[in-house]
Amino acid sequence: MGIATQSLQLRRALRKKLIRRRWVYWRTHGDRKDESLRGCQGFCAMIGETILYCRITEGAVKRLWRNAVIKMLEALLLCGCLVGCGSSSAANLNGSWHFTLKSSADGNTYNGTASITQSKQPVNTTGAGSLEHMLTGVLKFTANPCATAAPMSGTITVSSVILTITEDGQPVSLTGSANATFTAMSGSYTAPFGGCTGGDFGSWTASKS
């Protein structure tokens, strides 16, 4: 291999090294343009290139960096659309539900049905920055000594569900979560002491009809 060929290969290798060096530099020191240019000029002089070549290379590196940023933003927008626009990720509890409450206090099981209505627009009721959809309905029990029809209200935040049903004037609190498709819910419930509910507590499940 001749000296001229070796020299040409060396120059090409150094050019690739220059581009890689400028790429790394612009990723970490993109705002220090003057210092970057001086460093590039010194490197160009070391390998015998002109300042014009140096500036052309610098421009190429800037374009590579800009294109990388654009691709990253496009990926983030696509990800945001998949999360925010996907039908499976939007909470929707509207419809008829079958509820089962199993008491841990006396072992009894209470069944009922409810037609839940969910608010269309989310609201911030807690002031903590999270958005909740309001839920309303009436839970109709088939055999419950405390209530045959219990008014229901609550919220859903992402998949977290909080419900309150009123039995004989006493609020029974149901907390839990919905599955990914919002066709099932489960959790635990507690009732206040005194009155008909008598401090009852246990677990609950619900499935969409």
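Computed from the coordinates by the stated procedures, all read-outs in this text should not be read as laboratory data. Nothing here was measured: the structure is a model prediction, and the numbers come from that model. Neighbour counts run over all protein chains shown; Cβ positions are idealised from the backbone, glycine included.
Based only on other Cβ atoms within 10 Å, what is the fewest-to-most ordering of 142, 157?
Ordered by Cβ neighbours within 10 Å, fewest first: 142, 157.
Net charge near residue 109: determine it from the other residues with C-beta under 15 Å of the C-beta of residue 109, scoring Lys and Arg +1 and Asp and Glu -1. Please list the in-between numbers first.
Numbers: positive: 102; negative: 106, 200.
After counting each charged neighbour, the total is -1.
For a quick protection proxy, order the peptides 164-176, 187-199 by their average other-Cβ count within 10 Å, most packed first.
164-176, 187-199
Order of 100, 155 from fewest to most other C-beta atoms within 10 Å?
Listed from fewest to most nearby Cβ atoms, that is 100, 155.
Ranked by Cβ crowding within 10 angstrom, fewest neighbours first, how are 201, 141 ordered? Intermediate values should be presented prior to the final figure.
Details: 201 14, 141 20.
In increasing order of surrounding Cβ atoms, one gets 201, 141.
Please give the net charge around residue 197, taking every other residue with its beta carbon less than 9 angstrom from that of residue 197, where Lys and Arg add +1 and Asp and Glu add -1.
Net charge in that neighbourhood comes out at -3.
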